[in-house]
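> Here you go, one structure.
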Amino acid sequence: MFRLLIAPLLAFTLPSVQATEYVIDPTHTYASFEIDHLGFSTQRGQFNRSSGSIEFDPVQQSGRIDIRIDATSLDTGFALRDDVLRGDAWFDTQSFPDILFRSDKLIFRDDTLSAVDGTLVMRGAMRPLRLEVTRFKCGLNLANRKRGCGADAVASLKRSDFGLNNGLPFIGDEVRLRIQVEAYLP
């Protein structure tokens, strides 16, 4: 009888383990891409604005990631090309101003975050995407004196899966996506 009474009491007195929520730092978070251009070169670009949040619990090896990439901030270093890519034949940023990634599952190898499975939403199409995490660290950033987490992640996707069919097969279908992210306690 004593055990039946003490168990619920302990449940209320033991500290609960909760994930820590971090806010993405837009000055240190960028999504960039690489794509084959006519077999001659690899063209690169990035999106200059992003936002979102990361919830992370290293003990439970769980959490969630929500990233919003501002598609209108597309930057390839050539303004005329950027205007074409933002247009309705390509990214159609007037109708689809955001590219979204939301995690479904964080994957760990031992105690280290190694991948994130989630969903990428671009041009109104939703597709599963796995981000392979190549670098991950949480701790105190001595420069800004805030606790945070940072990561580098890469993925490959087919742009045609999102309705970006222009220039196929001359301009590559496979896009290499790279996301560097830093997020800090609010």
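The values are calculated or read from the model by the stated rules, or taken from the named source; none is laboratory data. On a predicted model such as this, the values are computed, not experimentally measured, just so you know. We place every Cβ from the backbone using ideal geometry, glycine too, and count neighbours over all the protein chains shown. Each accessible area value is taken on the protein alone, full model and side chains, heavy atoms only, with ligands, DNA and RNA left out. Shrake-Rupley method; radii C 1.70, N 1.55, O 1.52, S 1.80 Å.
> Sort F40, F170 from largest to smallest accessible area, using a 1.4 Å probe on the heavy atoms of the protein chains. All intermediate terms of the calculation are to be shown ahead of the outcome.
On the way: F40 175, F170 140 Å².
In descending accessible area the options line up as F40, F170.
> Straight-line reach from K105: which lysines have Cα under 19 Å away, leaving out those fewer than 8 places along the same chain?
K137
> Can you give the accessible area per residue of the chain, in Å², using a 1.4 Å probe?
Details: 11420 Å² over 186 residues.
Heavy-atom accessible area per residue stands at 61 Å².
> Could you check which residue among A31, A155, A125 shows the biggest mean-square fluctuation in a GNM of the chain with a 10 Å Cα cutoff?
Among A31, A155, A125, the largest GNM mean-square fluctuation belongs to A125.
> Considering all projection directions equally, how large on average is the shadow of the alpha-carbon convex hull of region 104-156, in square nanometres?
That works out to 5.0 nm².
> Rg(Cα) of region 49-157 divided by 2.2 N^0.38 Å? Show your work: numbers first, answer last.
Numbers: Rg = 16.1 Å, N = 109, 2.2 N^0.38 = 13.1 Å.
After normalising by residue count via 2.2 N^0.38 Å, the value is 1.23.
> Right, another one. Work out Dmax and Rg for the chain from the C-alpha atoms and quote the Rg first, both in angstrom.
So, for the chain, Rg and Dmax equal 20.2, 78 Å respectively.
> Given N residues in region 76-139, what is its alpha carbon radius of gyration divided by 2.2 N^0.38 Å? Mind showing how you got there, number by number?
Values: Rg = 16.0 Å, N = 64, 2.2 N^0.38 = 10.7 Å.
Compared with the compact-globule rule of thumb, region 76-139 sits at 1.50.
> So, one more: Over the chain, with a Gaussian network built from C-alpha contacts below 10 Å, which listed residue (L85, L164, L38) shows the highest mean-square fluctuation?
Result: L38 has the largest fluctuation of those listed.
> Continuing with the same structure: Leaving out ligands, DNA and RNA, what percent of the accessible area of the chain is carbon and sulfur, probe 1.4 Å? Write down the numbers at each step before the final one.
Numbers: 6360 of 11420 Å².
C and S fraction of accessible area: 56 percent.
> Moving to a separate point now. Could you tell me the calculated FRET efficiency between L38 and T112, based on Cβ-Cβ distance and R0 = 35 angstrom, to the nearest 0.05?
On the way: r = 39 Å, r/R0 = 1.11.
Efficiency for this residue pair is about 0.35.
> Moving to a separate point now. If I build a Gaussian network model for the chain, linking alpha-carbon pairs within less than 10 angstrom, which residue out of G150, G167, G124 has the largest mean-square fluctuation?
Highest fluctuation among the options: G167.
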